[in-house]
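Heads up: the structure comes next, in structure tokens.
The values are calculated or read from the model by the stated rules, or taken from the named source; none is laboratory data. Small disclaimer: the values here were computed from a predicted structure and weren't measured. Quick reminder, even Gly has a Cβ in these numbers, built from the backbone with ideal geometry, and neighbours come from all protein chains shown.
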Protein chains: 2
Amino acid sequence: MSAALEPTVEADCTFGTDEPFRLNSGDRLQSVTLRYALYGELNETRDNALLVCHALSGSARVADWWPQLIGPGQPFDTNRYCVIGVNTIGSCYGSTGPLSENPQKPHEPYGSNFPLVTINDIVRTQALLLDHLGVERLTAVIGGSIGGMQALSWAVDFPERVERCIAIGAAPLSAMGLALNHLQRQAILNDPAWREGHYALDQQPVAGLALARGIALCSYKSAELFSERFARRPNRSGEDPQSSLTARYDIAGYLDYQGAIFTPRFDANSYLVLSKAMDTFDLAHGDRSEASLEAALRRIRARLLLVGISSDWLFPASDVRALAWAARAAGVKANYAELISSHGHDGFLAEAAQLAPILKAHLEEEQPAFAGTGRR
Amino acid sequence: MSAALEPTVEADCTFGTDEPFRLNSGDRLQSVTLRYALYGELNETRDNALLVCHALSGSARVADWWPQLIGPGQPFDTNRYCVIGVNTIGSCYGSTGPLSENPQKPHEPYGSNFPLVTINDIVRTQALLLDHLGVERLTAVIGGSIGGMQALSWAVDFPERVERCIAIGAAPLSAMGLALNHLQRQAILNDPAWREGHYALDQQPVAGLALARGIALCSYKSAELFSERFARRPNRSGEDPQSSLTARYDIAGYLDYQGAIFTPRFDANSYLVLSKAMDTFDLAHGDRSEASLEAALRRIRARLLLVGISSDWLFPASDVRALAWAARAAGVKANYAELISSHGHDGFLAEAAQLAPILKAHLEEEQPAFAGTGRR
């Protein structure tokens, strides 16, 4: 494996020091720092920017988690575009989140005092970063999973600033998705090491966070993939599952391993905040009537591409397809494509080769949203 | 709702006091008590018995959990058959399990010192009960989920004693099923109240057990059912999910409620033991080669009916169907039927009306397995 592409620029941008940033909840963040990464260069007119939004556990470093899609000649062509990655607020990869110092309690992290954020809050902070960079309008905003929620939110909340929007494996969460997120948060809250969210940084609730990750992984993958890879084989370490309560099958060893490599790199309170943001994502801003979803979709001016994944259990392809139809019915130039994959929700990462030509075609479409004389 | 049918007899049967009962693990149970319930009467020749096996959280009292299927005129017609329910060893509804006194430590329950049991162990204890009742051969053995595993195990392990076998929503667990069971056990083991399995009876690990139940329920139901019933509605108690980390959607309130009503009626160590028995169920007794599964199926003399459930995520209908085909290929008189249902795995309980005529037809089929001159 070759080393991931390095950003042209990786920096922090801080705002809200004069006037706090107002969240949808009514809470204020006294100061907001965003860690961002740029790949390629902004052109003189600053109209070659692609904003690529990350999923739950990602970072601003797009090339670290979507390496196949970025670089010269790739869909996110760094000779042509300036690719912008931004760590979301609430996360733990450089932007303001639960690990940041709480201005109310100097030298202490926010912990669980960090306020709830919504996808719209995340997107509004990104808009401030674009202002700072002098980018008025995005060639495209792209993301998968929670990143796709951000892309959709961009298209609805800042219609004038987005030419193209691509959301992969994303839609408002169904009841099953809400159920699984609730159980993941419960796994963390059940862990006494969580201490109501005020744990020392080296003593976070690893057992609860690993269990949450395990539950999540079952929804990120597919039964088919697990059967192909693990079947009913005993754990590769040589355990005999029949020998004791804790002796494992291979799939259990895999989940435990994934938990063990996740907890050192992710903060439990960030997990809670971002999982909740995923729950509350609703294009109609909490008003759940059909008319209101339609009103939200009617705001979109971008050319929209929604991509479903055939084996996605968390965001069923049928939900993504239904959203594409609803967008069309609301007059949006919307297309739908489907990745045929056994990888489940993680197909947005695992099927980059299948995704690449789909992204390329949408990004290079001759007629961008704002080219015509009419609205579309 | 009318009161459930009461058993004709509800009693305990104890054996193994002279010679301990040997488990597949090599461990011995010094004394085994089985709580059983009879509905209807054994005839003079004692050849009208139906053994109905319960699932993870069930009991010997069949009419309590399958009320629509049992009684005069129902598939389990108590005017015609004697229906036998037996609480499995390892459970907490009257048979020997983790809550029973540990003969090695008088006045103390086994707790986590209760040995692992297999589906074959459970079935062998049931065979001893049938000996005690003077029942040589069963008209049929029937069960759903783990109960279906027991029914299949009966047909393979005691071929001479079973005329008909009906297993609903049952097959060896796939990797995804093993994953979900592992996470459920982890939820219990993570709870400090579990205390390595030696908790006081009124201080069991309720948070961990409720979380395990929540994970299980997601696999017992279907995404479709959750969407129909709960959609993205806020919890019916009036919480606003956007207001705080712990304010819930309706589906989350439902899962919490189900956890709260489960923990007072089930023992965490029993849950661990039976969940593990579910994992290790493998008709070929741990030898996973195809030839060996075929050899196991070749032993079956019963007429076999396997019933899949269209929306079952834990035991996909495709797995149940594949098992039916494998049985046919091994020369078994096997049929397959499918419940069309949005209830998921729980369809074996929720779709009793759809199940009834299927069961009746198989039970009343004119040519039982042993009627002909040849083997079948």
Test result for residue A:12, over 22 Å from residue A:83 (Cβ atoms) and not β-branched (Val, Ile, Thr)
no
Please tell me if residue A:212 is within 7 Å of chain B (Cβ to nearest Cβ) and of a type in the set (A, V, I, L, M, F, W, C).
no
May I ask you to list the residues in segment B:242-260 that are over 18 Å from residue B:191 (Cβ atoms) and of a type in the set (A, V, I, L, M, F, W, C)?
B:245, B:247, B:251, B:252
Take the conditions crowded, with 19+ Cβ neighbours inside 10 Å, under 16 Å from residue A:9 (Cβ atoms) and more than 14 Å from chain B (Cβ to nearest Cβ) and apply them to residue A:38. Does it pass?
yes
What is the one condition in (1) of a type outside the set (Gly, Ala, Ser); (2) surrounded by 24 or more Cβ atoms within 10 Å (Cβ to Cβ); (3) assigned by TED's automatic domain parsing to the domain that holds residue B:49 that residue B:186 does not satisfy?
(3)
Sole miss for residue A:90 among (1) on the phi < 0 side of the Ramachandran plot; (2) part of a loop (DSSP other than H, G, I, E, B) is condition (1)
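Applying the selection to segment B:18-35, what residues are surrounded by fewer than 12 Cβ atoms within 10 Å (Cβ to Cβ) and either in contact (Cβ under 8 Å) with a residue 12 or more places away in the chain or among the hydrophobic types (A, V, I, L, M, F, W, C) (or both)?
None - no residue of segment B:18-35 is surrounded by fewer than 12 Cβ atoms within 10 Å (Cβ to Cβ) and either in contact (Cβ under 8 Å) with a residue 12 or more places away in the chain or among the hydrophobic types (A, V, I, L, M, F, W, C) (or both), so the list stays empty.
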I'm checking my understanding of the structure. Among residues of segment A:244-288 that are within 9 Å of another protein chain (Cβ to nearest Cβ) and of a type in the set (Lys, Arg), which one is farthest from the chain's Cα centre (by Cα)?
A:248
Residue B:135 meets each of (1) assigned to a loop (DSSP other than H, G, I, E, B); (2) crowded, with 23+ Cβ neighbours inside 10 Å with one exception, condition (2)
Could you say which residue among B:141, B:117 is crowded, with 24+ Cβ neighbours inside 10 Å and in a strand (DSSP E or B)?
B:141
Tell me, please, whether a residue that is in contact with a Pro (Cβ under 6 Å, 6 or more places away or on another chain), over 25 Å from residue A:219 (Cα atoms), among the aromatic types (Phe, Trp, Tyr) and not assigned by TED's automatic domain parsing to the domain that holds residue B:120 can be found in segment B:251-271.
no
Selection from segment A:222-243 of residues that are assigned to a loop (DSSP other than H, G, I, E, B) and facing chain B (nearest Cβ under 7 Å):
A:230, A:231, A:232, A:241, A:242
Failed item, numbered, when residue A:186 is tested on (1) among the polar types (S, T, N, Q); (2) facing chain B (nearest Cβ under 7 Å); (3) more than 28 Å from residue B:252 (Cβ to Cβ):
(3)
Every residue in segment A:105-123 that is over 14 Å from the mean Cα position of the chain (by Cα) and touching a residue at least 60 places away in the same chain (Cβ under 8 Å), please.
A:109, A:110, A:111, A:112, A:113, A:114, A:115, A:116
Quick check on segment A:91-110: of everything there that is under 15 Å from residue A:275 (Cα atoms) and touching an Asp or Glu at 6+ places or on another chain (Cβ under 8 Å), which residue is farthest from the other protein chains (Cβ to nearest Cβ)?
A:92
Any idea which residue in segment B:61-94 is surrounded by the most Cβ atoms within 10 Å (Cβ to Cβ), counting only those that are out of contact with any Pro (no Cβ under 8 Å at 6 or more places or on another chain) and closer than 23 Å to residue B:24 by Cα?
B:88
Which numbered condition residue B:100 fails, given (1) over 22 Å from residue B:35 (Cβ atoms); (2) over 17 Å from the mean Cα position of the chain (by Cα); (3) of a type in the set (Ser, Thr, Tyr):
(1)
Going residue by residue through segment A:148-167, is there one that turns out to be of a type in the set (Phe, Trp, Tyr) and either at pLDDT below 95 or under 28 Å from residue A:313 (Cβ atoms) (or both)?
yes
Tell me, please, whether a residue that is surrounded by fewer than 22 Cβ atoms within 10 Å (Cβ to Cβ), outside any helix (DSSP H, G or I) and without any contact (Cβ under 8 Å) to a residue 24 or more places away in the chain can be found in segment B:265-285.
yes
Looking only at segment B:308-324, filter to residues that are touching a residue at least 60 places away in the same chain (Cβ under 8 Å) and of a type in the set (Gly, Ala, Ser); which one of those is surrounded by the most Cβ atoms within 10 Å (Cβ to Cβ)?
B:308
Would you pick out the residues in segment A:41-54 that are out of contact with any strand residue (DSSP E or B) (no Cβ under 6 Å at 6 or more places or on another chain) and surrounded by 15 or more Cβ atoms within 10 Å (Cβ to Cβ)?
A:54
In segment B:190-209, which residues are within 10 Å of chain A (Cβ to nearest Cβ) and not in a helix (DSSP H, G or I)?
B:191, B:205
Residues B:170, B:179, B:187: which one is part of a loop (DSSP other than H, G, I, E, B) and in contact with a helix residue (DSSP H, G or I) (Cβ under 6 Å, 6 or more places away or on another chain)?
B:170
Pull up segment A:313-342, narrow it to residues that are outside any helix (DSSP H, G or I), at pLDDT 95 or above and under 21 Å from residue A:179 (Cα atoms), then point me to the one that is nearest to the other protein chains (Cβ to nearest Cβ).
A:316
Odd one out for residue B:181 among (1) within 21 Å of residue A:191 (Cα to Cα); (2) at the interface with chain A (Cβ under 10 Å from one of its Cβ atoms); (3) out of contact with any Lys or Arg (no Cβ under 9 Å at 6 or more places or on another chain); (4) surrounded by 24 or more Cβ atoms within 10 Å (Cβ to Cβ)
(3)
So, in segment B:223-244, how many residues would count as being over 21 Å from residue B:343 (Cβ atoms) and surrounded by 18 or more Cβ atoms within 10 Å (Cβ to Cβ)?
3
Does residue A:12 satisfy being more than 26 Å from residue A:167 (Cβ to Cβ), in contact (Cβ under 8 Å) with a residue 40 or more places away in the chain, touching a Gly at 6+ places or on another chain (Cβ under 9 Å) and not aliphatic (A, V, I, L, M)?
yes
Please state which of the following conditions residue A:305 fails to meet, knowing it meets all the rest: (1) buried (at least 17 other Cβ atoms within 10 Å of the Cβ); (2) within 14 Å of chain B (Cβ to nearest Cβ).
(2)
Among (1) more than 20 Å from the chain's Cα centre (by Cα); (2) of a type outside the set (D, E, K, R); (3) within 10 Å of another protein chain (Cβ to nearest Cβ), residue B:175 falls short only on (1)
